[in-house]
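The values are calculated or read from the model by the stated rules, or taken from the named source; none is laboratory data. Since this is a predicted model, take the numbers as computed values, not measurements. With ideal geometry, Cβ positions are generated from the backbone for all residues, glycine too; neighbour counts draw on all protein chains shown.
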Amino acid sequence: MTAAILCIGTELTRGELVNTNAAWLSERLVAIGFEPGEHVVVPDDRPLIVETLRRLASSNRAVLVTGGLGPTTDDFTAECAAKLIGRPLVTHAPSLEAMRRKLERAGRTMSASNAKQAELPEHAEALPNAVGTAPGFVIPFAEAKLFFMPGVPREMKAMFDEHVVPALRPMIEPKTAQRRLRTYGWPESVVGDKLAGVEVAFPGVTIGYRASVPEVEVKVHARGENLAEAQVLCERATLEVKARLLEVLHGEDDDTFPAVVGRTLRSRGLRLAIAESCTGGLVGHLLTSEPGASEFLVADVVCYANAAKSMFCGVDEDLIRAHGAVSEGRESARRGRAASFGSGRGPCHHRRRGPHRRQRREARGHRAFCSRHRARHHDRQAALHGRASAYSARGRVPRAPPRARARRAAGAFHREPPGSHRAPRRRRVRLTA
């Protein structure tokens, strides 16, 4: 059973908006047993819309149309549908009343442009819009049914699930079944090589791939004489695919990588603290995009500059200076995060970015500024409370580079005692024989 998808809008043909509706609808059509045969995108052009509707209806049992149902002057999809079936536009009273109530609840009044959205082709079946204002509708033409939905993805998805799917199911006798497997760790080419020969071993099975960082999704699609035969064939092929991808398989169907990580941490009673650098909080964002992250996630610290790595993650500046922020510095940050927050795991994600020499110069200057500022702050707070500076008393003054410390030990520098309320000051003196 074939279906076609028509998306209407000049903003789509010009590339001003990405057409996500077609991909989402295709995936849902496959899930209920349809075979999407064609995606078409046309601009806001009346004759072209009518001709495209006529062509798609002549070769498909179902045509899904999105876009052009809004209140503006370039929204005339309902007008084109009425012209296709030779019927006038009439006001659908229940849709108009539902729209009026929604606008009143939002503190708005009905305008002529809003009322225009309730004008549907005569004898069309209205599809209520639970999310927005514009109703959808269904009309028959030739041997096909045409379903018209809003172009706003949120409104379209709700209308499709609530009204279009129940209308499509009686039109088909399912003969296909599909499973989706999610992998992490191998590139798409390696996954494809591992699954070579599966389609030959299981006639009627098609293997599909979709790479989406950081995962590769494998789709096992089976076709049989009826639904039961297709499901049995799909399960057999899926077991073979799982056996070949066992090393990198982490989830099935609607599982996501962050959801699997979170589920694993919760099942083992572990808590997680994260330190990120150039990923800029992406790891924390992925984990918190799934519900239940508060059960295992303690903190996510983004420490971009080397000074921040020392301040928040406890990484020794000498270690960063000697080995760089990536190698040993990353392991030290990991241990620092785990210890600071009492978590069982403390991953650290960062890598070198940008012009290295300038980055190192800026980091050195920032470290010196932060250290001086921290010393002054502690001394000021101590003076306000009438006590000695615990910061200075413990001797926690900014550390100099190794070469400078060696020269100071030889008498090349003079520094004021730690108890001073002024920032540490260095003075160069001449060495004499």
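Look at region 111-133 and say how many of its residues are part of a strand (DSSP E or B) and touching a Lys or Arg at 6+ places or on another chain (Cβ under 9 Å).
Counting residues in region 111-133 that are part of a strand (DSSP E or B) and touching a Lys or Arg at 6+ places or on another chain (Cβ under 9 Å) gives 1.
Any residue at all in region 3-17 that's hydrophobic (A, V, I, L, M, F, W, C), touching a residue at least 60 places away in the same chain (Cβ under 8 Å), loosely packed, with under 15 Cβ neighbours inside 10 Å and within 23 Å of R179 (Cα to Cα)?
No, region 3-17 contains no residue that is hydrophobic (A, V, I, L, M, F, W, C), touching a residue at least 60 places away in the same chain (Cβ under 8 Å), loosely packed, with under 15 Cβ neighbours inside 10 Å and within 23 Å of R179 (Cα to Cα).
Can you tell me which of E143, E162, E188, E173 is touching a residue at least 12 places away in the same chain (Cβ under 8 Å) and under 30 Å from L245 (Cβ atoms)?
E188
Among L69, L64, which is under 23 Å from R154 (Cα atoms), of a type in the set (A, V, I, L, M, F, W, C) and either assigned to a loop (DSSP other than H, G, I, E, B) or out of contact with any strand residue (DSSP E or B) (no Cβ under 9 Å at 6 or more places or on another chain) (or both)?
After applying the criteria, what remains is L69.
When region 53-74 is examined, which residues are found to be of a type in the set (S, T, N, Q) and either buried (at least 21 other Cβ atoms within 10 Å of the Cβ) or over 22 Å from F160 (Cβ atoms) (or both)?
S58, N60, T66, T72, T73
Results for (1) farther than 30 Å from H221 by Cα; (2) in contact with a helix residue (DSSP H, G or I) (Cβ under 8 Å, 6 or more places away or on another chain); (3) part of a loop (DSSP other than H, G, I, E, B); (4) among the acidic types (D, E), shown as yes or no for each residue.
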position	(1), (2), (3), (4)
C7	no, yes, no, no
L17	yes, yes, yes, no
E27	no, no, no, yes
A31	no, no, no, no
R54	yes, yes, no, no
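Does L239 fit the bill of being in the same structural domain as A222 (by TED's automatic domain parsing), closer than 30 Å to A222 by Cβ and part of a loop (DSSP other than H, G, I, E, B)?
No; evaluated as a whole, the condition is false for this residue.
Is it true that V315 is crowded, with 16+ Cβ neighbours inside 10 Å, assigned to a loop (DSSP other than H, G, I, E, B) and at pLDDT 75 or above?
Yes: the conditions hold for V315.
Suppose the filter is in contact with a helix residue (DSSP H, G or I) (Cβ under 9 Å, 6 or more places away or on another chain), among the small types (G, A, S) and not assigned by TED's automatic domain parsing to the domain that holds G86; does A130 pass it?
no
Can you tell me which condition T77 does not meet? The list is (1) surrounded by fewer than 23 Cβ atoms within 10 Å (Cβ to Cβ); (2) touching a residue at least 60 places away in the same chain (Cβ under 8 Å); (3) in contact with a Gly (Cβ under 7 Å, 6 or more places away or on another chain), and all the others hold.
(1) is the only condition that T77 fails.
When you look at R268, is it charged (D, E, K, R), in the same structural domain as F202 (by TED's automatic domain parsing), out of contact with any Lys or Arg (no Cβ under 7 Å at 6 or more places or on another chain) and over 19 Å from R182 (Cβ atoms), yes or no?
When the stated conditions are applied, R268 does not pass them.
Of all residues in region 212-253, how many are touching a residue at least 24 places away in the same chain (Cβ under 8 Å) and of a type in the set (A, V, I, L, M)?
Total meeting the criteria: 12.
Output the residue which, of all residues in region 243-258 that are modelled with pLDDT of 85 or more and assigned to a helix (DSSP H, G or I), is farthest from A211 (Cα to Cα).
Top of the filtered list is A243.
How many residues does region 259-291 hold that are touching a His at 6+ places or on another chain (Cβ under 6 Å), buried (at least 18 other Cβ atoms within 10 Å of the Cβ) and not in a loop (DSSP other than H, G, I, E, B)?
2
So in region 243-297, with the set limited to residues that are in contact with a Leu (Cβ under 9 Å, 6 or more places away or on another chain) and among the hydroxyl-bearing types (S, T, Y), which one is nearest to V218 (Cα to Cα)?
Among those that are in contact with a Leu (Cβ under 9 Å, 6 or more places away or on another chain) and among the hydroxyl-bearing types (S, T, Y), it is T256.
Any idea which residue in region 73-95 is modelled with the lowest pLDDT, counting only those that are assigned to a loop (DSSP other than H, G, I, E, B) and more than 19 Å from V41 (Cβ to Cβ)?
Looking at residues that are assigned to a loop (DSSP other than H, G, I, E, B) and more than 19 Å from V41 (Cβ to Cβ), I get T73.
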